[in-house]
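Visitor: Input: one structure, supplied below.
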Amino acid sequence: MAEVALLSTSKGADDPAQKQKNVCPEEGSSIFSRAFFCWMNKILRIGANRTLEFDDLFLLADRCKAENLTKTWTKEWTKQRQTQEKRNAAKKQDKPTSVVWPFIRSQKRIIFFSTFVRVLSDCIHYLNPLLLKQLIEFVSMPNPPFSFGIAIACIMFVSAETRSLLQNFQVNCMFKLNVYYQSTLQNALLNKVLNLSPSARASRTAGEILNHAAVDVEILIQAIPYLQNLWSVPFQFTLAMIMLWFTLGPAALAGVTIMLIFIPLNYFSSRYIKRYQIAQMKVKDERTKLSNELLNGMKVVKLYAWEEPFEERINHLRKEEIRLLKKVCIASRLIDIFNATGPFLVAMASFTCFIFLSEDNVLTPSIAFVSLTVFNQLRQPMRIFAQLINTFVQAAVSNKRLSEFLSEEELQPGVIGVADPKVVKLEEASLNWQGAKFDPTLRDLNITVKPGQFIAIVGTVGSGKSSLLSALIGEMHVLSGKVSVGGRLGYAPQQSWITNKTIRDNVLFNENYNEEFYQRVVRACQLNNDFQQFPNGDLTEVGENGITLSGGQKARVGLARAVYEDGDIYLLDDPLSAVDAHVGQKLYNEVIGPSGILSKKTRLLVTHQLQYTREAEVILVMNEGVIAEQGTYSELKKKQGLFSKLLEEMNSQRRQSENAEEEEPASVRKRKSTMTVDEKSRDGDGQGAKLVQKEQVMMGRVKKSVYVMYFKAMRLINAIGFFGFFLAHYAATMLRSMWLSDWSNDNTLRVEQPSNLTVETRLAVYGAIGGFEVILLLLTFIFLTLGTIRASYGLHAPLIGALLRAPIGFFDVTPIGRIINRLARDLDVIDKMADSLRQLTQSMLHVLMILVLVSFSTPIFLLAAPPLIIGYYLVMKYFIPTARQVKRMESVNRSPILSLFGEVIQGVSSIRAFGKTNVVRQQMMHRVDRFIRCRYMTISGNRWLATRLELLGNTTVFFASLCGTLSAKYFDLSPGMVGLSVSYALTITEVLNMAVRMLSEIETNIVSVERVKEYHNIPPEADWVTEPGPRRDWPEDGAISLHQYEMRYRDGLPLVLKGIDLEIDGGLKIGVIGRTGSGKSSLTLALLRMIEATNGYIEIDGTRTDQIGLHQLREKIAIIPQEPVLFSGTLRFNLDPFNRHSDEQIWKALDSCQLKAFVSSQSDKLDFHVSEGGKNMSVGERQLLCLGRAILRGGKLLILDEATASGSSLHISLRK
């Protein structure tokens, strides 16, 4: 009846107003509803009847929203940081500010109140041994009054239920803190990314920051629910020792000694674990960073056929991560063994001393089972203590990592001074990226830009042009002098930053939509024709990093964003380099030039195309970080200096182009081309505008195949060994308990029937069984560790393999944050599956052992068991569908948070330049609130479950004690058997609660395996290698034939290349022209089979490209892509990841691409470390390095995809 009542709807839950607004009914619910979490019934009822959806979840209360939590924490964090800085100055140290203490102070009321409740709960818990003593003494009496036994059974139930309600209230408070802290930290991390100084940002990789958000935050918040255990576990030990002293006398000191031995053992083990945990997190950072780089540069990796070296590098890092994880797991399992055997060792030591201290000491049922109850109640604190150490060791590592990151240097307000309106001024300014201890990158700059002036900045690759613009938006350290800017900035970076939204959203950048001005900007930026090609015009989504846009389209969207900002000063970093010449001229005329939309604005234009500098009022010529020359176009031309040299190089290139043979080669005329290109967006018709679909949320139960997959990854022998030896361990535990019962009964009957077994024999057998338990437990954990470690690696390797073999179209429609979520958070959950699996199996077997022992001791209990089991089944059946679905929604809503982190990390310069940091903060708060909405429901649902299961468990205690009383009175049950039955029944509440919690946790954690499995099954692209392959010396000439070639980006979309019929002889230089977005890059993708043909085929030297392996094709074609992509690692790795070429060949290639001087000037030469994304090289230098790759690869075919856009030096190198 109680369970039925608790499953009914709580008061106010179905209020029409609440139904309409979906407001959380917790605040207005009754005390009864809060105590038993009846306010959650509505959600659980929906989840039990149909698949739960996000909109079904209750809204967050104001106190739980990110905005309010972040304000409170930031206030305390600022105080703590100031205090820490003073302490560091006094002690001459550099200790980071802890992220924990500010949070504790901001939530001190909840923590204090929950502490008080926990004290009451622990004290009530240790009433159980006293009540058991009364019950055993009662059944030992000749003619006990039956009502007294019933009274004790009722008191036991009331005591246990009161303790359950108090503990659940306290646990709920701590889990609420868990939610609050997660929200706070995610927003604090984003705020830090937005405020990092240039040097601090340079020292942090994107993978490392993503790991902070995906893994470190999770690890730290998992420690919050255990916070009270720091004092509660020692407090429970103290209560237990006091209880044992009154039961066993001085013999209890032996147990205390055993407990004291465990303290240093756990301490030193935790230090060992911490050391390897830190090392493991560093490797995890490196793996996540490399994975993030790989995903961002996947197109380049596939073009170069570099999948195998990247797969090898990532798997090598994963192996190292697993090796360190193995050490952590072994140490953790040893601690688990010591702590699990702790109660037995304490009992053995205490009983031995008790017996041998005095001949008068007899182990009666009262003494034995009161002590055994205390020992059993110590099991949970001992388990928690082991988990506590592991959790807090990991939390300490993550706390240090987060504290160090959040204590990093920030941009100092006021570094960029305020000049007069529309004025830019640099006075004796020297700046760099690293800070005061390093040499300046830009030196002694004296520049004054007047309102409305047009300034052109030119120079060779790496001369400091882009750095100058970065200095004006506050991205560099001012070492000396002064930098001042007057007014709002519009900024167009050299590499356009495009977010995963519609084109219109990218242009508006959170500004209000003004139809007239927007259309004017779009026309000026030459985007109208592109909009007509897109299915939904400017409302078409562009994908991750603008994946569906060409380089020129990205550049024009980025320029349009800057123009729409309607700023006072415009910083334009070579925005015309990525577009065609005629488009560039239009952009100059209609946007930048004297008659353009920005003609009244102050403009600073960085460019390599010197024809656009003719109308500049001042030209600044940069060389090695200084202004080498300045003046008007005519003045600098007359000087015959560096500008004249740059101009001559440009004119030479133009003359060479004009003198090129104008006649069409006969080889191209052999067949008239019927080439038609239709680049009507990669998104197809109207439905395609939604390029990136919502992440799929699985429905219903997790399939058995997912569990089978995990156990297969463990190897079945490891799984069977783990379960088999664990079962044997609990069988031995039952045998030891029954031996103790028989021993104590024997002592009760000693006067009438002396025992044939000596005390020494009894004790030796008791110890031998316990020793056997330890051996079985050791074997159990060996199989568990071997299996879970194998599964951790076995699930990762196919995941990386599947991603690398996925077609490029998969990455068009899948956000990187979604993939990183699997590679970071989901793999982290899988790595920790051993703990969940161990605790679930342990708890389930413990529950089974209790039911068997209670039923064996008091067979009448079997009458009460079926209703309890049915109640348990109904509660679980009602609860698990909701828990499973909410956990899935939780996983899905974590991905957008990581995606936003990734976008912000890449575009932080643009965000800061446009003054949009507050807008991005609001976006993060919104996404975090959605995630926390799911997490809050998970936590509240678990408490709903716990209150009902503990009610069932406490009912079991009541029936066990009642059945013991009845059996003693009517069936002559011995006191020893009553003690055995009730002492184990008293532990069922916590064990049952733990079992169901772990069952729910496994059910939710296995979702991570399910999500990883989903990516194991990505349909792969064609085979990398086929047999027989092409001829060894293929291609001999490089002749290309296209036969009625047609291509579309994805099924259901229109053709982008139609009926191309073309023949080209080998050795020719072929130019492919067309307006931006016309299909030039699509043709490149077709030649390399990045997208497979819909119809027709391509032949190279008579060999059909669709009949050989992808690597066999791509390795024979050299390509310089439109956007230069570099990877973190050595310069040698970026040129030759397979180590196929000698140093001499690499140096020769560097000389050919004009990078030999740059590399020779580096101390590490070919081992020069290229930072993430090549950020320690200019864009021009990166492009030259890409040319070096092509030269080193050689071959008969070279494809240049607008490769000369980023630097004049590349033109020279290509001519050579």
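Visitor: State yes or no: is Ala560 hydrophobic (A, V, I, L, M, F, W, C), at pLDDT below 90 and touching a Leu at 6+ places or on another chain (Cβ under 9 Å)?
Guide: no
Visitor: Next question, about the same structure. Quick check, is Ala824 touching a residue at least 40 places away in the same chain (Cβ under 8 Å), closer than 30 Å to Lys299 by Cβ, assigned to a helix (DSSP H, G or I) and touching a Leu at 6+ places or on another chain (Cβ under 7 Å)? Walk me through how you get there before you give the answer.
Guide: Numbers: touching a residue at least 40 places away in the same chain (Cβ under 8 Å): yes; closer than 30 Å to Lys299 by Cβ: yes; assigned to a helix (DSSP H, G or I): yes; touching a Leu at 6+ places or on another chain (Cβ under 7 Å): yes.
Spelling it out, Ala824 is indeed touching a residue at least 40 places away in the same chain (Cβ under 8 Å), closer than 30 Å to Lys299 by Cβ, assigned to a helix (DSSP H, G or I) and touching a Leu at 6+ places or on another chain (Cβ under 7 Å).
Visitor: I've got another one for you. Within segment 498-520, count every residue that is among the hydrophobic types (A, V, I, L, M, F, W, C) and crowded, with 22+ Cβ neighbours inside 10 Å. Full working, then the answer.
Guide: Let us first name the residues in segment 498-520 that are among the hydrophobic types (A, V, I, L, M, F, W, C), namely 498, 503, 507-509, 517.
Checking which are crowded, with 22+ Cβ neighbours inside 10 Å leaves us with 498, 503, 507.
Looking only at that region, the number is 3.
Visitor: May I ask you to list pairs of residues, at least six apart or on different chains, whose Cβ atoms are under 8 Å apart, with the first in segment 169-180 being on the phi > 0 side of the Ramachandran plot and outside the structural domain of Lys108 (by TED's automatic domain parsing) and the second being in a helix (DSSP H, G or I) and buried (at least 21 other Cβ atoms within 10 Å of the Cβ)?
Guide: none
Visitor: A further question follows. Just the residues that are surrounded by fewer than 16 Cβ atoms within 10 Å (Cβ to Cβ) and outside any loop (DSSP other than H, G, I, E, B), please, taken from segment 587-600. Steps first, please.
Guide: We begin by selecting, within segment 587-600, every residue surrounded by fewer than 16 Cβ atoms within 10 Å (Cβ to Cβ); these are 589, 594-595, 599-600.
If the condition is that a residue be surrounded by fewer than 16 Cβ atoms within 10 Å (Cβ to Cβ) and outside any loop (DSSP other than H, G, I, E, B), then Asn589 is the only one that fits.
Visitor: Among the numbered criteria (1) in contact with a Ser or Thr (Cβ under 7 Å, 6 or more places away or on another chain); (2) at pLDDT 85 or above, which single criterion is violated by Ala985?
Guide: The number of the failed condition is (2).
Visitor: Is it the case that segment 949-957 has a residue that's within 27 Å of Leu59 (Cα to Cα), acidic (Asp, Glu) and in contact with a helix residue (DSSP H, G or I) (Cβ under 6 Å, 6 or more places away or on another chain)?
Guide: No: segment 949-957 contains no residue that is within 27 Å of Leu59 (Cα to Cα), acidic (Asp, Glu) and in contact with a helix residue (DSSP H, G or I) (Cβ under 6 Å, 6 or more places away or on another chain).
Visitor: Taking the condition in contact (Cβ under 8 Å) with a residue 40 or more places away in the chain and either buried (at least 24 other Cβ atoms within 10 Å of the Cβ) or in a loop (DSSP other than H, G, I, E, B) (or both), does Leu951 pass?
Guide: Here the answer is no, as Leu951 does not meet what is asked.
Visitor: Examine segment 479-501 for a residue that is in a helix (DSSP H, G or I), under 37 Å from the mean Cα position of the chain (by Cα) and under 28 Å from Glu1181 (Cα atoms), and state whether such a residue exists. Give the steps one after another, and end with the answer.
Guide: To start, the set of residues in segment 479-501 that are in a helix (DSSP H, G or I) comprises none.
Looking through segment 479-501, none of the residues is in a helix (DSSP H, G or I), under 37 Å from the mean Cα position of the chain (by Cα) and under 28 Å from Glu1181 (Cα atoms).
Visitor: For segment 974-1027, give me the residue count where each residue is assigned to a helix (DSSP H, G or I), in contact with a Lys or Arg (Cβ under 8 Å, 6 or more places away or on another chain) and of a type in the set (D, E, K, R).
Guide: Here the count works out to 3.
Visitor: In segment 525-540, is there at least one residue being touching a strand residue (DSSP E or B) at 6+ places or on another chain (Cβ under 7 Å) and crowded, with 23+ Cβ neighbours inside 10 Å?
Guide: Checked segment 525-540: at least one residue is touching a strand residue (DSSP E or B) at 6+ places or on another chain (Cβ under 7 Å) and crowded, with 23+ Cβ neighbours inside 10 Å.
Visitor: Counting just the residues of segment 283-323 that are under 20 Å from Leu898 (Cα atoms) and of a type in the set (Asp, Glu), which one comes out surrounded by the most Cβ atoms within 10 Å (Cβ to Cβ)?
Guide: That would be Asp285.
Visitor: Say whether the condition of being surrounded by fewer than 21 Cβ atoms within 10 Å (Cβ to Cβ) and either on the phi > 0 side of the Ramachandran plot or touching an Asp or Glu at 6+ places or on another chain (Cβ under 7 Å) (or both) is met by at least one residue in segment 270-282.
Guide: No, because not a single residue in segment 270-282 is surrounded by fewer than 21 Cβ atoms within 10 Å (Cβ to Cβ) and either on the phi > 0 side of the Ramachandran plot or touching an Asp or Glu at 6+ places or on another chain (Cβ under 7 Å) (or both).
Visitor: Right, another one. Does Ser33 satisfy the condition of being at pLDDT 85 or above and among the small types (Gly, Ala, Ser)?
Guide: Yes; evaluated as a whole, the condition is true for this residue.
Visitor: Tell me the helices (runs of 4 or more DSSP H) entirely within segment 61-139 that contain at least 3 residues that are surrounded by fewer than 14 Cβ atoms within 10 Å (Cβ to Cβ).
Guide: Hits in segment 61-139: 66-91, 108-125.
Visitor: Next up: Would you point out the residue of segment 354-394, among those that are among the charged types (D, E, K, R) and either outside any helix (DSSP H, G or I) or not assigned by TED's automatic domain parsing to the domain that holds Phe268 (or both), that is nearest to Val982 (Cα to Cα)? Steps first, answer last, please.
Guide: Going through segment 354-394, the residues among the charged types (D, E, K, R) turn out to be 359-360, 379, 383.
Cutting the leftovers down to either outside any helix (DSSP H, G or I) or not assigned by TED's automatic domain parsing to the domain that holds Phe268 (or both) gives us 359-360.
On the way: Glu359: 29, Asp360: 27 Å.
Top of the filtered list is Asp360.
Visitor: Just to be sure I understand, how many residues within segment 176-213 are closer than 30 Å to Ala35 by Cα and either in contact with a Phe, Trp or Tyr (Cβ under 9 Å, 6 or more places away or on another chain) or of a type in the set (D, E, K, R) (or both)?
Guide: Going through segment 176-213 one residue at a time, the tally reaches 9.
Visitor: For segment 523-536, how many residues are modelled with pLDDT under 85 and touching a helix residue (DSSP H, G or I) at 6+ places or on another chain (Cβ under 8 Å)? Don't jump to the end; show me each part of the working.
Guide: Start the filter on segment 523-536 by keeping residues that are modelled with pLDDT under 85, which leaves 529-536.
From what's left, touching a helix residue (DSSP H, G or I) at 6+ places or on another chain (Cβ under 8 Å): 530-531, 534-536.
Total satisfying the criteria: 5.
Visitor: Does Ala251 qualify as being buried (at least 21 other Cβ atoms within 10 Å of the Cβ), assigned by TED's automatic domain parsing to the domain that holds Ala913 and more than 35 Å from the chain's Cα centre (by Cα)?
Guide: On the way: buried (at least 21 other Cβ atoms within 10 Å of the Cβ): yes; assigned by TED's automatic domain parsing to the domain that holds Ala913: yes; more than 35 Å from the chain's Cα centre (by Cα): yes.
Judged against the criteria, Ala251 is a match.
Visitor: Can you spot a residue in segment 284-295 that is outside any helix (DSSP H, G or I), within 23 Å of the chain's Cα centre (by Cα) and not hydrophobic (A, V, I, L, M, F, W, C)?
Guide: Scanning segment 284-295, I find no residue that is outside any helix (DSSP H, G or I), within 23 Å of the chain's Cα centre (by Cα) and not hydrophobic (A, V, I, L, M, F, W, C), so the answer is no.
Visitor: With respect to Val904, is the statement that it is touching a residue at least 24 places away in the same chain (Cβ under 8 Å) and under 25 Å from Pro815 (Cα atoms) true?
Guide: For Val904, the condition - touching a residue at least 24 places away in the same chain (Cβ under 8 Å) and under 25 Å from Pro815 (Cα atoms) - is met.
Visitor: Within segment 1132-1154, is there a residue that is under 20 Å from Ser203 (Cβ atoms) and touching a Phe, Trp or Tyr at 6+ places or on another chain (Cβ under 7 Å)?
Guide: Of the residues in segment 1132-1154, the ones under 20 Å from Ser203 (Cβ atoms) are none.
Among the residues of segment 1132-1154, not one is under 20 Å from Ser203 (Cβ atoms) and touching a Phe, Trp or Tyr at 6+ places or on another chain (Cβ under 7 Å), which makes the answer no.
Visitor: Sticking with this structure for a sec: Read through the list (1) under 22 Å from Arg1011 (Cβ atoms); (2) out of contact with any Pro (no Cβ under 7 Å at 6 or more places or on another chain); (3) not small (Gly, Ala, Ser), then give the number of the only condition that Arg805 fails.
Guide: Status for Arg805: all satisfied but (2).
Visitor: Further, regarding this structure: Check whether at least one residue in segment 144-159 is modelled with pLDDT under 90, in a helix (DSSP H, G or I), assigned by TED's automatic domain parsing to the domain that holds Gln906 and in contact with a Pro (Cβ under 6 Å, 6 or more places away or on another chain), and report yes or no.
Guide: no
Visitor: So which residues in segment 99-146 are touching an Asp or Glu at 6+ places or on another chain (Cβ under 8 Å) and without any contact (Cβ under 8 Å) to a residue 12 or more places away in the chain?
Guide: Result: no residue meets the conditions.
Visitor: Count, please, the residues in segment 395-424 that happen to be buried (at least 20 other Cβ atoms within 10 Å of the Cβ), in a helix (DSSP H, G or I) and among the basic types (Lys, Arg).
Guide: 1
Visitor: Hey, does segment 371-394 have a residue that's more than 30 Å from Leu244 (Cβ to Cβ), of a type outside the set (Lys, Arg) and at pLDDT below 85?
Guide: Within segment 371-394 (the criterion being more than 30 Å from Leu244 (Cβ to Cβ), of a type outside the set (Lys, Arg) and at pLDDT below 85), the answer is yes, since at least one residue qualifies.
Visitor: For Thr51, state whether it is touching a Gly at 6+ places or on another chain (Cβ under 8 Å) and among the polar types (S, T, N, Q).
Guide: Details: touching a Gly at 6+ places or on another chain (Cβ under 8 Å): yes; among the polar types (S, T, N, Q): yes.
Spelling it out, Thr51 is indeed touching a Gly at 6+ places or on another chain (Cβ under 8 Å) and among the polar types (S, T, N, Q).
Visitor: Could you say which residue among Gly809, Gly817 is of a type outside the set (Lys, Arg), touching a Gly at 6+ places or on another chain (Cβ under 7 Å) and under 29 Å from Lys501 (Cα atoms)?
Guide: None of the other options fit; the residue is Gly817.
The values are calculated or read from the model by the stated rules, or taken from the named source; none is laboratory data. Because the structure is predicted, anything quoted here is derived from the model rather than measured. Note: ideal-geometry Cβ built from the backbone for every residue, glycine included; neighbour counts use all protein chains shown.
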